[in-house]
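A.B. asks: So that we are looking at the same thing, I have put the structure below in structure tokens.
The values are calculated or read from the model by the stated rules, or taken from the named source; none is laboratory data. These numbers were taken from a predicted model, which means no experiment stands behind them. Don't worry about glycine lacking a Cβ; one is built from the backbone with ideal geometry, like all the others, and counts go over all protein chains shown.
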Amino acid sequence: MLRYFIKKIQSLALSLLVASLVIFVAVEVVPGDPASFMLGINAQPETIAALREQLGLNVSLWERYFTWLTGMLQGDFGTSYTYRTPVAEMIQDRMVISLPLAVYALVLSTLIAFPAGILAATKRGSATDTSVMGVTQLGIAIPNFWFAMLMVVVFAINLRWFSAGGFPRGGWGDSFADYMAAMKALTLPAIALALPQASILARVMRSSLLDTLTEDYIRTARAKGLSKRQTLWRHALRNALIPVLTIIGLQFAFLLAGGIIIEKIFFLPGLGQLIFQAITQRDLIVVESVVMLLVFAVIIVNFTVDLAYGLADPRLRSGK
Amino acid sequence: MRITDFLKSRNFVVGKILTTIFCLAALISFFWTPFPVDGVDIPNKLQAPAWPYLLGTDHLGRDVLSMIMAGARVSIAVAVLAVGIGMLVGVPLGLAAAANKGKLLDEIIMRGNDLVFAFPSLVIAILITAIFGASAVNAIIAIGIFNIPVFARITRGGALSLWERDYILSARVAGKSSTRISLEHILPNVMNLLIVQGTIQFSLGILAEAGLSFVGLGVQPPIPSWGRMLAESQTLIYTSPYLALFPGMAILLTVLGLNLMGDGLRDLFDPKLREARR
Amino acid sequence: MSLLQISDLSLSIGHTQVLHNISMDINAGEILGVIGESGSGKSMTAFASMQLLPERATCSGKIMLSGKDVLSLSERDLCRMRGNDVGMVFQEPMTALNPVKNIGDQVAETIRIHEPNVSKKDALQRAREALNRCELSEDRFPLTRYPHEMSGGQRQRVVIAMAIARHPKLLIADEPTTALDVTTQAEILELLIKLVREDGMGLMMITHDLAVVADMADRIVIMKEGHIVEQGETKALFASMSHPYTKALFQASSHQPERNAEIKETPLLEVKNVSRDYSLPRKKLFAPAGHFRAVNGVSFEIKRGESLGLVGESGCGKSTLTRAILGLEAVQEGEVLLDGAPVLNNRSVRRKLQVVFQDPYGSFNPRWKVRRLISEPFYLLDHPPKGIELEKALDEALISVGLSPSDKDKYIHEFSGGQRQRIAIARAIIIRPDLILLDEAVSALDVSVRAQVLDLLAELSKSYGLTYLFISHDLSVVRNITDRVLVMKGGEIVEQGETHQVFDQPSHPYTKKLINAAPKLPEDLKDIA
């Protein structure tokens, strides 16, 4: 297990390094001079020079990359040009909304998908199976932001169960009531994000289980005297989980990035709002940092999934 | 299962009909739409669905049906081109990786794949837009880049199992190079996989284009797009919910149609499934 | 009363009838051999006895297992019966165990499922005993071992331990040794016999190989296309062989093709001191990568017109050697010469050399027609035939392997396994090579088909002046069709000589072990056939 772990840590570090290089090149090299890019064509040469000074552009590219990288490792993402505040703080303020939203959606998606997928697989060919497959077929095809709008119409405008958007001013607050209010504000967005992902996950769960149920060792287990149900729970499920884990890992990336769109519909002051403002204001420092953060999150999640593989499958642990 | 049975299978037929409808709508929109697509007509703004505006009009008095027809054109074009980019780059990479399994080239290609996988298409679009500004081309490139590792991976996976086959060894005994083997033996045998994945990526591309246009990172005005129609309807959702309903339905039905067709094709191509249905 | 009594059993899967009114029985302590080629319904008989059939299967008739009417039992009662009254061992040990559970848990599960009150500790203790009985000792195979850490033979022992953990009255073994090497096969068969004797179990031994059951079964049932064609006491059955199919099967399995090709003194293929290394994955980050020597200093030659056998078990290096001879991989030491010229990267030499592989299903691109498949070796020629010339070559190749010229516009899936192997041979002879490598070329075929293909090869060797290198794990094949034989083990050739001499007076202990382990038909019966 240790060797597997070390191997994965190595590839994690390498991925992060290369990803940061790609982002750095895209944001700080491709546009030419970032300072004149950010200020637009009508800027005065003195203003540009001042910004170049402030951004530390007067040194070599490698030096700049290195400074940026070491800065990030210490939690320093630079200073936003438009807001004149540290980017790290801005991101932190937004993350307390975006990250819980993605996690909330992931939990919902898993809670819906597992029972649905298992049920459909065990009752293969039955009416239950057909309806689960039908609903998931719709769930995959539905654009999540449109689904979100429909939910606003139904639950916020017509039924008035939820507010149509926004996040409590006090954030997560101190009291339980504050906490619940925050959760409530995230509920519709989380459902909108979760439903299409749950549909995909349920289908993967079903087909993975059905594949596993045709394996030879399932027959062996039946020959020992296990019932179909016992075989499913004791032998098929754990083996079927391996492809499901992959999808869960991929989904977290979609949920985090997709959250950006959903936040717009519910007027949530999350990372999405931050990045769209930054794009219109050409605040490259913020764009660079948020993108790096999103990519970082995806890579970390994939790393976690790899470790989970190791736990689920002894063959990987021994490095074969 | 014979081809005729397959063509009769309900899902595939429904999928084919839906896809045909939207492709036709896109084609017809080049020559004719009920009203001009960019025909701003303020006096007739926000008409509820009724004759002659079958699906109503928006806040500028444009006919929603006409815009949906023209929007189909954009959606399909973006998704097709993005699939094209993904295949043209991804498939050769996948073939090369499989032909050099375990060697440095394979390692580099697969690592590169993992890296691109870490950039969701939305993030790529954000990067491109931040630097070059928003446009339909950005959407195509962003979704296309996202498609590359998908096709590379599926090609490599399919090709790897084929390289184990004895007929590949026979071809090598006949003195054929690995490039020639990849083209003559491997590519035709992974084609099925690619077609199925192609329809899936096509439908994902339509969803992604709508999402990008919705947040303003994709197609720009005045080109009609389903995603932007939805974005524009957001503030009017209290008064005119139908403005949000129809473009959304268009996306849903197109994607559904493509997915059903993809499932049907997979059933046809998968010998295991075909065996089971006999 | 019989332990298992099957009477008038018929079985249909969907609309296809798989078994037709078959009847057989097994007594306690008795070994019943059920023999048939693929598609004979022998495995389905076993699955019907366990009621582990595909979903659309329907049975009629009667199956009585120690007094219980199996066909009328509820699913719950069937679960109580399986693993308890009857255990089962399967063909493919590599996939028969759950890869994510250790062997202790898997064996203990048989006990715990039938005795819910037994504590986990006691169940594991009894699992240990079952594994010990299957000769997997505690020091080498602790209960915490995972299947992927074990070889095929060892895994099969775990499967057997699971089957016998509850001391069932009946054991059903479905081709338990087919996927294993001969020496491992012998050990597993010995183990099964021992367990049957110790527990007084009945054993239903299903196999396609007559020789496997010839000296262990008390009685034999011979099946063909879902019917029982003959059954009786082993000796009496062999002695009488009343049914023509039994006779044919018997003759085919000891078939000796007629060979009289002329052997010249000039060597055609020379393998000189060849060694081939593979680098191993690094164990530690900064340690140098290790090497594994798959072939070590192998030298031999084949004379023109000769037929040479190369025998060895899996992992002995014969596949690596094959690749080196075919010129597909470079070697670290030594050289491979054909007609005096090196084969590696040399088109003009390679065209004198062709190959036929084992798997009749994987040897052909399913999207090509036969025409394109068998003309592929022409790629080696500088001026491949075209038009009428090509058609003539195609027709001749197909005719000479016993197929018809009209077959050239068919796809490969339209042919049976035996026909496919003929097409593979047609592909090999079409450019008139001097040497053909037959890499397990008949191993996947049923005995009767195998005999026909061997006859064809003998015939072609004469008419085309071909030299053969037979590579096989199966001694019986090599014995009947080669002039000389090489025995390979651990990357080296441990013995070589005239075939009859090696078989009659083996000198190396490994050769002796191989020959003893190979299942044989009783000598006195051979004369009858």
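A.B. asks: I need the full set of residues from the range C:329-355 which are more than 9 Å from chain B (Cβ to nearest Cβ), buried (at least 16 other Cβ atoms within 10 Å of the Cβ) and not in a loop (DSSP other than H, G, I, E, B), in order please.
C.D. replies: Within the range C:329-355, C:Gly334, C:Val336, C:Leu337, C:Leu338, C:Val349 meet the criteria.
A.B. asks: Might you check whether a residue that is at pLDDT below 75, surrounded by 15 or more Cβ atoms within 10 Å (Cβ to Cβ) and not basic (Lys, Arg) occurs anywhere in the range B:5-16?
C.D. replies: yes
A.B. asks: From the list B:Leu160, B:Leu258, B:Leu207, which one is more than 11 Å from chain A (Cβ to nearest Cβ) and part of a helix (DSSP H, G or I)?
C.D. replies: Unique residue meeting the criteria: B:Leu160.
A.B. asks: Determine the pairs where a residue that is at pLDDT 85 or above, located within the range C:439-463, has a partner that is among the acidic types (Asp, Glu) with Cβ atoms under 7 Å apart, the partner being 6 or more residues away or on another chain.
C.D. replies: What qualifies is C:Ala458/C:Glu258.
A.B. asks: Take the residues in the range C:40-74 that are touching a Gly at 6+ places or on another chain (Cβ under 6 Å) and in contact (Cβ under 8 Å) with a residue 60 or more places away in the chain, then tell me which one is surrounded by the fewest Cβ atoms within 10 Å (Cβ to Cβ).
C.D. replies: Ranking the candidates gives C:Gly41 first.
A.B. asks: Something else: From the set of residues in the range C:510-524 that are over 17 Å from C:His473 (Cα atoms) and surrounded by fewer than 16 Cβ atoms within 10 Å (Cβ to Cβ), which is modelled with the highest pLDDT?
C.D. replies: Among them, the one singled out is C:Pro522.
A.B. asks: What residue, among those in the range A:200-233 that are facing chain C (nearest Cβ under 10 Å) and outside any helix (DSSP H, G or I), is nearest to A:Gln251 (Cα to Cα)?
C.D. replies: By that ranking, first place goes to A:Glu215.
A.B. asks: Of A:Leu108, A:Leu119, which residue is under 22 Å from the mean Cα position of the chain (by Cα), surrounded by fewer than 20 Cβ atoms within 10 Å (Cβ to Cβ) and assigned by TED's automatic domain parsing to the domain that holds A:Leu210?
C.D. replies: A:Leu108
A.B. asks: Across the range C:146-157, which residue is surrounded by the most Cβ atoms within 10 Å (Cβ to Cβ) among those that are touching a residue at least 24 places away in the same chain (Cβ under 8 Å) and at the interface with chain A (Cβ under 10 Å from one of its Cβ atoms)?
C.D. replies: This residue is C:Pro147.
A.B. asks: Can you confirm whether the range A:102-119 contains a residue that is among the aromatic types (Phe, Trp, Tyr) and free of Cβ contacts under 8 Å to residues at least 40 places away in the same chain?
C.D. replies: Scanning the range A:102-119, I find no residue that is among the aromatic types (Phe, Trp, Tyr) and free of Cβ contacts under 8 Å to residues at least 40 places away in the same chain, so the answer is no.
A.B. asks: Can you name the residue in the range A:56-77 that is surrounded by 12 or more Cβ atoms within 10 Å (Cβ to Cβ) and in contact with a Ser or Thr (Cβ under 9 Å, 6 or more places away or on another chain) and is also farthest from A:Ser289 (Cα to Cα) among such residues?
C.D. replies: Only one residue fits best here, namely A:Gly56.
A.B. asks: Just name the residue that is nearest to B:Gly112 (Cα to Cα) out of those in the range A:14-45 that are of a type in the set (S, T, N, Q) and more than 10 Å from chain B (Cβ to nearest Cβ).
C.D. replies: A:Ser20
A.B. asks: Same structure, new question: Give the residues of the range C:58-107 that are in a strand (DSSP E or B) and more than 16 Å from A:Ala221 (Cβ to Cβ), sorted by residue number.
C.D. replies: C:Thr58, C:Cys59, C:Ser60, C:Gly61, C:Lys62, C:Ile63, C:Met64, C:Leu65, C:Lys68, C:Asp69
A.B. asks: So, one more: Kindly indicate which of A:Glu89, A:Glu63 is within 14 Å of A:Val286 (Cα to Cα), out of contact with any strand residue (DSSP E or B) (no Cβ under 6 Å at 6 or more places or on another chain), of a type in the set (D, E, K, R) and in a helix (DSSP H, G or I).
C.D. replies: A:Glu89
A.B. asks: Follow-up question, since we're still on this one. Considering (1) more than 14 Å from chain A (Cβ to nearest Cβ); (2) out of contact with any helix residue (DSSP H, G or I) (no Cβ under 8 Å at 6 or more places or on another chain), say which one B:Gly86 fails and leave the rest.
C.D. replies: (2)
A.B. asks: Looking for something in contact (Cβ under 8 Å) with a residue 24 or more places away in the chain, part of a loop (DSSP other than H, G, I, E, B) and within 10 Å of chain A (Cβ to nearest Cβ) - is there at least one such residue anywhere in the range B:271-278?
C.D. replies: no
A.B. asks: Out of A:Leu294, A:Leu245, which single residue is within 9 Å of another protein chain (Cβ to nearest Cβ), under 21 Å from B:Asp114 (Cα atoms) and out of contact with any His (no Cβ under 8 Å at 6 or more places or on another chain)?
C.D. replies: Only one candidate passes the filter, namely A:Leu294.
A.B. asks: Applying the selection to the range B:225-249, what residues are in a loop (DSSP other than H, G, I, E, B) and closer than 19 Å to B:Ser203 by Cα?
C.D. replies: B:Ser225 - this is the single residue of the range B:225-249 that is in a loop (DSSP other than H, G, I, E, B) and closer than 19 Å to B:Ser203 by Cα.
A.B. asks: Follow-up question, since we're still on this one. Hey, among the residues in the range B:106-126 that are outside any helix (DSSP H, G or I) and in contact (Cβ under 8 Å) with a residue 12 or more places away in the chain, which one's nearest to the other protein chains (Cβ to nearest Cβ)? Step through it out loud before you land on a result.
C.D. replies: Taking the range B:106-126 as the starting set, the residues that turn out to be outside any helix (DSSP H, G or I) are B:118-120.
Within this subset, residues satisfying the condition of being in contact (Cβ under 8 Å) with a residue 12 or more places away in the chain are B:119-120.
Values: B:Phe119: 6, B:Pro120: 4 Å.
Of everything passing the filter in the range B:106-126, B:Pro120 is nearest to the other protein chains (Cβ to nearest Cβ).
A.B. asks: Restricting to the range A:1-42, what's the tally of residues that are surrounded by 15 or more Cβ atoms within 10 Å (Cβ to Cβ) and either within 30 Å of A:Phe303 (Cα to Cα) or small (Gly, Ala, Ser) (or both)?
C.D. replies: Count: 17.
A.B. asks: Could you tell me whether any residue of the range A:206-226 is among the hydroxyl-bearing types (Ser, Thr, Tyr) and either modelled with pLDDT under 85 or touching a Phe, Trp or Tyr at 6+ places or on another chain (Cβ under 6 Å) (or both)?
C.D. replies: Looking through the range A:206-226, none of the residues is among the hydroxyl-bearing types (Ser, Thr, Tyr) and either modelled with pLDDT under 85 or touching a Phe, Trp or Tyr at 6+ places or on another chain (Cβ under 6 Å) (or both).
A.B. asks: Taking the stated definitions as given, is B:Leu122 under 30 Å from C:Ser348 (Cβ atoms) and buried (at least 19 other Cβ atoms within 10 Å of the Cβ)?
C.D. replies: So B:Leu122 fails the test.
A.B. asks: If B:Leu253 passes every condition in (1) away from chain A (no Cβ under 13 Å); (2) modelled with pLDDT of 85 or more; (3) surrounded by fewer than 18 Cβ atoms within 10 Å (Cβ to Cβ) but one, which one does it miss?
C.D. replies: (1)
A.B. asks: Within the range A:113-142, how many residues turn out to be among the β-branched types (Val, Ile, Thr), within 17 Å of B:Ser203 (Cβ to Cβ) and in a helix (DSSP H, G or I)?
C.D. replies: Residues meeting the conditions: 2.
A.B. asks: Something else now. If A:Leu268 passes every condition in (1) touching a residue at least 60 places away in the same chain (Cβ under 8 Å); (2) under 24 Å from the mean Cα position of the chain (by Cα); (3) not in a loop (DSSP other than H, G, I, E, B) but one, which one does it miss?
C.D. replies: (3)
A.B. asks: Scan the range C:112-128 for residues that are loosely packed, with under 13 Cβ neighbours inside 10 Å and either in a loop (DSSP other than H, G, I, E, B) or under 34 Å from the mean Cα position of the chain (by Cα) (or both) and jot them down.
C.D. replies: Quick first cut of the range C:112-128, residues loosely packed, with under 13 Cβ neighbours inside 10 Å only: C:116-117, C:119-121.
The answer is C:Pro116, C:Asn117, C:Ser119.
A.B. asks: To continue, here is another question. Which condition number in (1) part of a helix (DSSP H, G or I); (2) more than 14 Å from chain C (Cβ to nearest Cβ) is the one that B:Ser182 fails?
C.D. replies: With (1) part of a helix (DSSP H, G or I); (2) more than 14 Å from chain C (Cβ to nearest Cβ) applied to B:Ser182, the lone miss is (2).
A.B. asks: With the requirement that a residue be of a type outside the set (A, V, I, L, M) and under 11 Å from C:Asn365 (Cα atoms), what does the range B:164-190 give you? Break it down stepwise before answering.
C.D. replies: Applying the first criterion (of a type outside the set (A, V, I, L, M)) to the range B:164-190 yields B:164-167, B:170, B:172, B:175-180, B:182, B:184-185, B:188-189.
Of everything in the range B:164-190, those that are of a type outside the set (A, V, I, L, M) and under 11 Å from C:Asn365 (Cα atoms) turn out to be B:Arg165, B:Asp166, B:Tyr167, B:Ser170, B:Glu184, B:His185, B:Pro188, B:Asn189.
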